[in-house]
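Below: the structure, in structure tokens.
Laboratory data are not the source of any read-out in this text; all were calculated from the coordinates shown. Just so we're clear, the structure is a prediction, and the values are computed from it rather than from any experiment. Note that each Cβ is placed from the backbone with ideal geometry, even for glycine, and that neighbours are counted across all protein chains shown.
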Amino acid sequence: MQMKKRHAASLGVLVLSCLIASCGGGGGGGGGGGGFPGLALPPAGGTAPPAGNPAGAWLTFDPSTVELTVLPNTSKSFSVIATSTKVISAPVNVGIIEPKGVINTDIKISSSGLKYVALLNTNAALAPGVHTGNFEIRACYDANPLVCSQPVEGSPWQLPYKITVIDPASLHYSRWEPAQTTPGFLSDFALSSRGGVPYVVTAGFYTNVMETWTSSDIGSTWTKMTTAQVPPLTRNFALANDDNAIYLSGGQAGGSSAYQNHVWKFDGTDWSQKTAAAEFPGVADHVMAKVGNALYVVAGRTMAGIMRNVWRSDNDGVNWTQVSPSLPAELGKPTCALNWKGSLLLVGDKVATSTDGATFAIAGGLPATFPKGSLHCAVLDGRLFISPTSNSSVSSPEQNVVSTTDLANWQQERTRSFTTPDAPGMAAINGRLVITTGQGTSQRTTYRTVP
């Protein structure tokens, strides 16, 4: 039986036929659809559903309580999965009743067997604060769920919700903006900074050169530097920085698959080689950080396979010692590294810190929307920011920019739209966060936050 939609204009009710159970016998036959419509209407007759509902145990919901954190003036999508343990052969009409107007009627519906998925959206006009209540879900044999004079056994159900709308005054910037959409970076590049100035190091495999670019206006315009010496053509390298210098390590040689273990230093004017052959193996897709007087090279991909060890240099990148043979498994692949209050901080599936590179502590309290696999981490005014990246293998629309001052309490921040693959690195410049996008042949764009 095909799913039918009937709209009662006077009530604003979207009614879907054959929703809760499969039409006909045999579990899922007949082409019935599935899902839940969103309504912002008071319950019929003002009556509330019962608090306990043993007769309705045949239908369960995931999540059992909807808990969301939402940015101000923003509609957030969320899904509810209803799973039935029985087949109802007669047509069933379903309504979601929500008297406080926390959701809108923009609904997408899908079904598989006796499992029904509804994608709902919060009301963008919700005021800052905590909104609690219940979605009342009614399944009815009669046409109008608001009346529901013939309820299905166990109907109605209550699905509790808690929706927290962030106070805009608590956010640390107002929005993201494109600062430059046509910078001249080559095909493989990464962003860093030195002394409050952003720099991009880029490799061109069509031009067969390495270049260094800088901006004096927080990314609005970029200038290619003419230095006396630049590192050899290398892709998938790592950068680290402090206020005095930018460091480059590893990568793969241009035009070949040879993995590099060289280390270079940029002082704002020129590049100098610290070592042509460090003690760590040739490595690419790794991370690097400068913490105090120590340089760290962490994890990555070598000729022999994946590397998960940690190497440290205490003499400005000249000599290196392995300080840890492995990383915590729960960290996953490190994708971003920096100096966090005198400790090495790594971002992967989780956040880990170490005072010596040998032992690590995993940070707690990460939100469900934590941006795993982020290439973008930076410290601005004593606050750590981690942003999702569009080319991360685990990125999704549900990831958010998050920030923290203590690695225990995390706050959601405003997220930008992702359109092109992101380059590694995020810089904190004059009260703003800066990132760059457009690896390979994609359109290059520099984004920055607006205070």
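Quick notes on this one:
- Karplus-based coupling profile of the range 120-133, in residue order and whole Hz: 10, 9, 6, 6, 5, 8, 4, 6, x, x, 9, 10, 10, x, with θ = phi - 60° in 6.51 cos²θ - 1.76 cosθ + 1.60 and x standing for Gly or Pro.
- Taking 4 °C and 1.567 mPa s as conditions, the range 81-131 diffuses translationally at an estimated 97 µm²/s according to Stokes-Einstein applied to its Kirkwood radius (Cα pairs).
- Counted charge near Arg175, where neighbours are those whose Cβ lies closer than 12 Å (Asp, Glu -1; Lys, Arg +1): +2
- Mean shadow area of the chain over all directions, Cα convex hull, nm²: 24.9 nm²
- Between Arg308 and Phe205, the FRET efficiency from the beta-carbon distance, with R0 = 25 Å, is close to 0.30.
- Under a model in which nothing but the beta-carbon of Lys, Arg (+1) and Asp, Glu (-1) is charged, the chain shows a dipole of about 760 debye around its Cα centre.
- Net charge of Cβ neighbours under 13 Å - reference Glu330; Lys, Arg +1; Asp, Glu -1: +3
- Per residue, the convex hull spanned by the Cα atoms of the range 112-156 measures out at 138 cubic angstrom.
- Taking only the Cα atoms of the range 405-451, the ratio Rg/Rh comes out at 1.03, with Rh defined as the Kirkwood radius.
- Based on the Kirkwood approach, the hydrodynamic radius assigned to the range 198-339 is 15.5 Å, with every pair of different Cα atoms included.
- When only the Cβ of Lys, Arg, Asp and Glu is charged (+1, +1, -1, -1), the dipole of the range 164-246 relative to its Cα centre reaches about 200 debye.
- Placing +1 on each Lys and Arg Cβ and -1 on each Asp and Glu Cβ, with no other charges, gives the range 137-285 a dipole about its Cα centre of roughly 80 debye.
- The amide H of Ala378, built 1.01 Å from its N in the peptide plane, has Phe385 as neighbours under 5 Å, considering only residues 5 or more places off or on other chains.
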